[in-house]
Amino acid sequence: MAGPAIVVVAGFITAWLAISSSDGLVDDDYYKQGLAVNQRMARSDAASGLGLAAEVVVGDNGLDLRLFLSAREAAVLPENLVFKTVHPTRAGADQSVLLKRDSAGLYVGRLTAALRGRWHVSLEDQERKWRLTGDWNTDKASTLQLPAADVRRD
């Protein structure tokens, strides 16, 4: 009789955990995000058309960011960039950093918390005309290369 009683208690505990906790993995605006796919692809195409590529380096303290942005000769580089990090499972750890161009032509900014593990990364201009994206495992690589995506549609 103890076996079935344990299973019933475990079922109630499992149901309570499922109801009382949020997994944070499903976004409430999934439909709107689906509609924005074409806009994101257009911005990636714009970055590819400008020949943009970036290299991101984190300083020794784990907070200071330095970024080198390259482009085709005709492209005008902006004064400020927005660097976003999105954790795959912990939305509360996401960061957005404003990077400002210094006198040497590098973009510099500061994270609010050090990055550990795997992150989805995006880099865009403040007008949101173009963007570069990539994945970064900071435990395996201290630098990140963000080439412009070669998006092909069939």
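Quick notes on this one:
- Only DSSP H runs of four or more residues enter the estimate; each adds -39500 (n - 2.57), and after division by the residues of the chain the mean residue ellipticity at 222 nm equals -8000 deg cm²/dmol.
- ³J(HN,Hα) computed for each position of segment 120-127 - Karplus, 6.51 cos²θ - 1.76 cosθ + 1.60, integer Hz, glycine/proline x: 8, 10, 9, 10, 8, 7, 5, 7
- Whether segment 91-154 is rounded, prolate or oblate, judged on the alpha carbon gyration tensor where a/c under 1.5 counts as rounded: oblate
- Förster-model FRET efficiency, 35 Å R0, A18 and A114, C-beta, rounded to 0.05: 0.60
- Cα-projected label distance for V86 with A2, points at 7 Å along beta-carbon direction, nm: 5.0 nm
- Candidate lysines for bridging to K100, where Cα separation is under 23 Å - those fewer than 8 sequence places away on the same chain excluded: K84, K129
- Under the Karplus curve 6.51 cos²θ - 1.76 cosθ + 1.60, θ = phi - 60°, whole-Hz ³J(HN,Hα) for segment 85-90, x wherever Gly or Pro sits: 10, 10, 7, x, 10, 10
- Amide H contacts of W119: W136, N137, T138, each under 5 Å away and 5 or more positions distant or on a separate chain (H built 1.01 Å from N in the peptide plane; Pro and chain starts excluded).
- Share, in percent, of DSSP beta bridges within segment 27-147 that are antiparallel, nearest 5: 100 percent
- Karplus (6.51, -1.76, 1.60) ³J(HN,Hα), θ = phi - 60°, over segment 57-64, in Hz, Gly and Pro reported as x: 10, 9, x, 4, 7, x, 10, 6
Coordinate-derived values only; no laboratory data. If you're wondering where the values come from, they're calculated on a predicted model, not measured in any experiment. Heads up, the Cβs are rebuilt from the backbone with ideal geometry, glycines too, and the neighbour counts pull from every protein chain shown.
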